[in-house]
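To start, the structure itself, in structure tokens.
FYI, it's all coordinate maths here, none of it is from the lab. The shown structure was predicted, so the numbers you read here are calculated from the model rather than taken from an experiment. Neighbour counts are summed over all protein chains in view; Cβ atoms, including those assigned to glycine, are modelled from backbone coordinates with ideal geometry.
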Amino acid sequence: MDITEAREFARSKCEKDTTYRHLVSVEGVMRALSRRFGENEETWALTGLFHDLDQDITDSDPSRHALQAAEWLREVAVDELVINGVLAHNFEENRTDLMSKAIVHADAVAGLLVATALVRPEKSAGMKVSSVRKKLKEKAFAPGVNRDEINDVEDSIGISVEDLVALGIEGLQQVAPEIDL
Ligand SMILES: [Fe+2]
């Protein structure tokens, strides 16, 4: 599945536009992370794009979250590596390789970056690492963002919080035209 088809597939599964925008933002962050690690960008992009595919229909039954997505992805024969990465963001036992660990941090930092972009007139353009790090410390800002999943990135995948934020900004800027950010 190429990225255009993958985004169409993601759009077809999202009931809310905010969910679709979140998916694409995580796709962007995963792209930048894959390049940093010299990994396969398309595989990482799809994992980001599909990680919350079932968000809008599992809202009422969180125990199905990621499992429903995995089912849909198997139906269209998406790579098992991607499916494992999707499962990993909700199930620790699936965090078995670099990509399935990275998705957790990409998810959290994308949430913080999108919230930051939304309060700036220039959106993601010209966003600075230092201002995002200030937002990270402001607990009242975007309270739904799990700060631990950003702050523990070094222990988990060996890059600093600074690098995660810098790569996250780069990744978000790359997909920004698709999600008006
Ligand atoms: Fe997510």
Those residues of region 53-90 which are assigned to a loop (DSSP other than H, G, I, E, B) and either surrounded by fewer than 15 Cβ atoms within 10 Å (Cβ to Cβ) or of a type in the set (A, V, I, L, M) (or both) amount to L53, D59, S60, D61, A66, V76, A77, V78
Determine whether region 60-76 contains at least one residue that is touching a helix residue (DSSP H, G or I) at 6+ places or on another chain (Cβ under 8 Å) and among the hydroxyl-bearing types (S, T, Y). no
Those residues of region 124-156 which are of a type outside the set (G, A, S) and within 15 Å of the chain's Cα centre (by Cα) amount to V145, N146, R147, E149, I150, V153
Those residues that are out of contact with any helix residue (DSSP H, G or I) (no Cβ under 6 Å at 6 or more places or on another chain), part of a loop (DSSP other than H, G, I, E, B) and more than 16 Å from the ligand (Cβ to nearest atom), I need them from region 111-153; list them, please. V119, R120, P121, E122, A125, G126, K128, E138, K139, A140, D152
Does S130 fit the bill of being among the polar types (S, T, N, Q) and in contact (Cβ under 8 Å) with a residue 40 or more places away in the chain? no
Hits in region 154-181 - residues which are in a loop (DSSP other than H, G, I, E, B) and either farther than 20 Å from H22 by Cα or free of Cβ contacts under 8 Å to residues at least 12 places away in the same chain (or both): G158, I159, S160
Inspect all residues belonging to region 102-109 and state whether any of them is among the β-branched types (V, I, T), more than 16 Å from the ligand (Cβ to nearest atom) and within 22 Å of Y20 (Cα to Cα). no
Just a yes or no: is a residue in region 19-40 in a loop (DSSP other than H, G, I, E, B) and within 12 Å of the ligand (Cβ to nearest atom)? no
